[in-house]
Amino acid sequence: MEPVDNLNEKINRLQKQIEKIQDECKHKNQEIQFVKGKELMWVCLKCKKALKWPTQQETEKFFNR
């Protein structure tokens, strides 16, 4: 089980690094994308952080493009 514990520790360290990058990002370039395969959200193209839910109008525009 030790290798699994080591991998989980590495995953946690990498997740913290991602969070730091996302917190420092200015999120200048965004687009609506599916997050986790089922939810539409505005996502930063640089850091991949899900930022906010699209409005009804934005959602309709996304599906009608």
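The values are calculated or read from the model by the stated rules, or taken from the named source; none is laboratory data. Bear in mind the structure is a predicted one, so any value in this text is a computation, not a measurement. All Cβ positions, even for glycine, are placed from backbone atoms using ideal geometry, and neighbour counts span all protein chains on display. Remember, those area values only see protein heavy atoms, side chains included, never the ligands or the DNA or RNA. Shrake-Rupley method; radii C 1.70, N 1.55, O 1.52, S 1.80 Å.
Could you list which residues have their amide H under 5 Å from that of GLN30, counting only those 5 or more apart in sequence or on another chain, with H placed in the peptide plane?
LEU45
Measure nothing but the geometry: give the 0 to 90° angle between the long axis through the Cα atoms of 2-24 and the longest principal axis through the Cα atoms of the chain, rounded to 10°.
So the helix axis and the longest Cα principal axis differ by about 40 degrees.
Using +1 on the beta carbon of Lys and Arg, -1 on that of Asp and Glu, and nothing else charged, what's the dipole of the chain about the Cα centre, debye to 20?
300
Summarise the accessible area of the chain (1.4 Å probe, protein heavy atoms) by the percent that is carbon and sulfur.
51
Using a probe radius of 1.4 Å on heavy atoms only, what accessible surface per residue do you get for the chain? Whole Å² is fine.
Accessible surface, normalised per residue, equals 90 Å².
Skipping prolines and chain starts, which residues have an amide H placed within reach, meaning under 5 Å, of the one on LEU51, given they are 5 or more residues away or on another chain?
When sequence neighbours closer than 5 places are left aside, the close amide H contacts are TRP42, VAL43, CYS44.
Set the Förster distance to 22 Å, then compute FRET efficiency between GLN33 and ILE11 from the Cβ-Cβ distance, nearest 0.05.
For R0 = 22 Å, the calculated efficiency reads 0.45.
In whole Hz, with x marking every Gly and Pro, tabulate ³J(HN,Hα) for region 43-55 from phi via Karplus 6.51 cos²θ - 1.76 cosθ + 1.60, θ = phi - 60°.
Along region 43-55, the couplings run 10, 6, 6, 7, 9, 6, 7, 6, 9, 7, 7, x, 6 Hz.
Label LYS20 and GLU60 with points 7 Å out from Cα along Cα→Cβ: what is the distance between them in nm?
A separation of 4.5 nm, rounded to one decimal place.
Each residue of region 26-39 in order: what ³J(HN,Hα) in whole Hz does its phi give by Karplus 6.51 cos²θ - 1.76 cosθ + 1.60, θ = phi - 60°, with x for Gly and Pro?
Going residue by residue, I get 8, 6, 6, 10, 10, 8, 7, 9, 7, 10, 6, x, 9, 10 Hz, with x marking Gly and Pro.
What does the helix-only formula give at 222 nm for the chain: each DSSP H stretch with n ≥ 4 adding -39500 (n - 2.57), the total divided by the residues, and the result rounded to the nearest 500 deg cm²/dmol?
For the chain, the value works out to -15500 deg cm²/dmol.
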